[in-house]
There are 2 protein chains.
Amino acid sequence: MLNTPHPARATIVDVARAAGVSRQTVSNAINSPERVSPDTLSRVLQVVEELNYRPSSAARTLRHQRAGAVGTELNAVTGTPSDVALPFLTALTLAAPGHACHMVPFASREAFPMLSGYQDMVRRRLVDAFVLTDTHPADPRPDWLEQAGIPYASFGRIYDDSSRVWWADVDGSAGTSAAVAHLAETGFRTVGFLGWPAGSAVGDDRRLGWLAGVEQHGLALGPEAAAPQSLRQAISAAERLLDGLAVGDAIVCASDVLALGVQQAALARGWRPGRDIGITGFDGSATAQLHGISTLVQPLDEIAEHLLTLVHDQLAGAPAPTRGALFLPTLTVGASTVTTSTKGTP
Amino acid sequence: MLNTPHPARATIVDVARAAGVSRQTVSNAINSPERVSPDTLSRVLQVVEELNYRPSSAARTLRHQRAGAVGTELNAVTGTPSDVALPFLTALTLAAPGHACHMVPFASREAFPMLSGYQDMVRRRLVDAFVLTDTHPADPRPDWLEQAGIPYASFGRIYDDSSRVWWADVDGSAGTSAAVAHLAETGFRTVGFLGWPAGSAVGDDRRLGWLAGVEQHGLALGPEAAAPQSLRQAISAAERLLDGLAVGDAIVCASDVLALGVQQAALARGWRPGRDIGITGFDGSATAQLHGISTLVQPLDEIAEHLLTLVHDQLAGAPAPTRGALFLPTLTVGASTVTTSTKGTP
DNA sequence: ATCGTTCATTTGAACGTTCATAATGTGTCC
DNA sequence: GGACACATTATGAACGTTCAAATGAACGAT
């Protein structure tokens, strides 16, 4: 970027001169209007509008020693980015102005996550804090950030240490449990599960919700299977699963891609999703929407809002919360669980 | 965001003191090393490393009257965001540091695009320029930005006025033409087309490439159909199209979602994609990747790089190019065009 | 020895804002 | 009428950086 100046825009002294007051009065009119008398206030604000004045964020930053910006890393390494990455970034971007800040994305082709990227942003004082995504066990970032005294909030729980509380996450088991409830209402009596290979905290959580839901609603426990987050492997796992099920049964899935696999496998054997087999996914991704799969939509707006509140609290020196925050996903019904005929209620 | 200060970090005077030189010498050591004698240079740089010093971007911005940031609007209105929006933003974010800047996303739930958002960023001097996406005929943004003297570059051509040249786009006809070439090589002899309803500049362009490709390679012109960017409608359009085709023929599509529709319709009648019917999509989206559809991948890195160069040139006062820039997509072969048997070459 | 030249380095000022504090005006109470 | 509280507005300084201009040192040429 070049170093030649902009076309001049109004500064606070221009406004002050035009309104016949001092710098500080203009500043007060904008930042603490109660301090300035009603008539000067209106006069100043009118000039502000006329000259289209807004305080320079750079000058503010320099004065306050606050960037008014939150960094967030984009995953530029994995070929297939997460389905919710963009909606989540959008939610953050929308929530940011309400917290008097803006988002600054950064990324690296080398690795994800990339500690040096965080370091760089901090040293140049481009951001005050970070929002983390894709945190995993043994993630170095929370450690490093706390060591450096840099506020952060994570979308997704932080595993290593339960004393880490600056996070918000989706309540996975409540989600799958709600999916089972919906299937029960819709008339499905046997519910299986397609999850990820055991050991992933998120996946195990979602599986528990399925178990609990089936028990709670007095349904029959269908078979379960696992596959990684790949359509091909989801399809073959689904085929095995369908062998153990009959028309009129349902499958709860730990992700939308897995659910898509079930849908494709069902279609391949002539079962109509929603009618012959109930399918629910998880994440509310564009994929689910595209294929008409009922899915658990993550409340990304609420989560983004909460995460920015968390970093704000840290910047304000507020005490840490006692635990991370869980948010309930909401079921969006698609064709994959629609009732088009009465199912086997005795 | 709050107004209490950061944990103190080293400033240029700290470095100067520690190195026993003046502010300006440190500044020179960083910005124009050739101006400072070799031994002081190394001494200063060593202290810079020890203290982990980096110039404050806010102070730089204030001094240079340059934000060193480029704004870009995220579409928060349409339910289904574009498949390439995130990869494109990632490409921009990766390219930005090479242009000594960073990206600042913004969005609004009200409308897309939202002029007041651009206005606000400019008034607060948060960004120097914008990268536009989803430009459409009668888009108010290019007009407004040029009027205001604000540099911009658009991903996607600007329609109204051929004197508008600050854009880069994908060469759609070259892309579909390359897809036809690939189908010809793979052994398909008849190639149909599934596009969008006539009238969209992008769609019409891609259709022309299909026509040209078929002619150039001496293939038989298959039937064509059109559907909007919706899976359901793509499937029904594809069904009609398949009625007019036989096993061993192929369909070039104007988008990945359309191609997905063809794939689903083909599967529904027992035709194996790639073997019984060739299918190509367009955009290189995650959808295509997920479903193994051959697609024309947009060179997003190149385009992002070029767009940032365009805004840089404008900031530098460089003369406008004579026309917008077109970039060639590259075909990624998936299962939907794979050769698993010899096809009807006589 | 003096003067100009060149190179390395330093000093003063400015970018636009807000904090801390000072100055001014207005009214109230005794 | 003077003192005091209070509300309103104004002034100086500082945030960290870089530009423009000034200083000082070294060196040849006269």
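The values are calculated or read from the model by the stated rules, or taken from the named source; none is laboratory data. None of the values given here were measured: they were computed from a predicted structure. As a convention, Cβ positions derive from the backbone with ideal geometry for all residues, glycine included, and neighbour counts pool all protein chains shown. Note: areas computed on protein heavy atoms with side chains; ligands, DNA, RNA excluded. Shrake-Rupley method; radii C 1.70, N 1.55, O 1.52, S 1.80 Å.
A few comments on the model shown:
- Length-normalised contact order for chain B - Cα pairs under 8 Å, 6+ apart - percent: 16 percent
- Annotation: amide H-H contacts under 5 Å for B:TRP167 (H modelled 1.01 Å from N, sequence separation of 5 or more, or interchain): B:SER154, B:ALA325.
- B:PHE112 paired with B:SER32, simple spin-label distance in nm, labels 7 Å along Cα-to-beta-carbon: 4.5 nm
- All other residues whose Cβ lies under 10 angstrom from that of B:VAL84 are scored, Lys and Arg at +1 and Asp and Glu at -1, for a net of -3.
- Heavy-atom surface analysis with a 1.4 Å probe gives the protein assembly as shown a carbon and sulfur content of 53 percent of its accessible area.
- Proximal charge balance of B:LEU241 [Cβ under 11 Å; K/R count +1, D/E count -1]: -3
- Tail weight of P(r) past 27 Å, computed on alpha-carbon pairs of chain A, percent: 56 percent
- Semi-axis lengths, Å, the protein assembly as shown, gyration tensor of Cα atoms, sqrt of 5 times eigenvalues: 48, 33, 24
- The calculated FRET efficiency for the pair B:ASP143 and B:SER236, based on their C-beta separation and a Förster distance of 45 Å, comes to about 0.70.
- Of all the options A:ALA237, A:ALA181, A:ALA246, the one that moves most in a Gaussian network model of chain A with Cα springs shorter than 10 angstrom is A:ALA246.
- Per residue, in Å², the accessible surface of chain B once ligands and nucleic acids are set aside, probe 1.4 Å: 42 Å²
- Formal net charge of residues neighbouring B:GLY192 (Cβ-Cβ distance under 10 Å; K, R +1; D, E -1): -2
- Cβ neighbours within 10 Å from other chains - mean over A:262-270: 1
- Share of Cα-Cα pairs in region B:12-55 lying beyond 12 Å, as whole percent: 48 percent
- Taking the axis that rotates chain A onto chain B, the chain A residue nearest to it by Cβ, with the distance rounded to whole Å, is A:LEU86, 2.
- Dipole of region B:12-55, positive direction: furthest Cα of B:LEU51, B:ILE12, B:THR40, with charges on the beta-carbon: B:ILE12
- Mean Cα-pair separation over length for region B:12-55, i.e. relative contact order, pairs under 8 Å, 6 or more apart, %: 41 percent
- Candidates A:THR61, A:THR332, A:THR11: whichever shows maximal mean-square fluctuation once chain A is modelled as a Gaussian network with Cα springs under 10 Å: A:THR11
- The Cα center of region A:4-69 and the Cα center of region A:301-336 differ in position by 34 Å.
- Using C-alpha pairs under 8 Å with a sequence gap of at least 6, the mean separation divided by the residue count of region A:1-150 gives a relative contact order of 21 percent.
- Within chain A, helix-based [θ] at 222 nm, where runs of 4 or more DSSP H residues each add -39,500 (n - 2.57), nearest 500: -13000 deg cm²/dmol
- Solvent-accessible area lost on pairing A with B (1.4 Å probe, both sides summed) amounts to about 6300 Å².
- Residues of region A:35-72 buried by at least 50 Å² on assembly (accessible area, 1.4 Å probe, chain alone as reference): A:ARG54, A:SER57, A:ALA58, A:LEU62, A:HIS64, A:ARG66
- Stretchable slack from A:ASP120 to A:ARG9, in nm (0.36 nm times residue separation minus alpha-carbon distance): 36.9 nm
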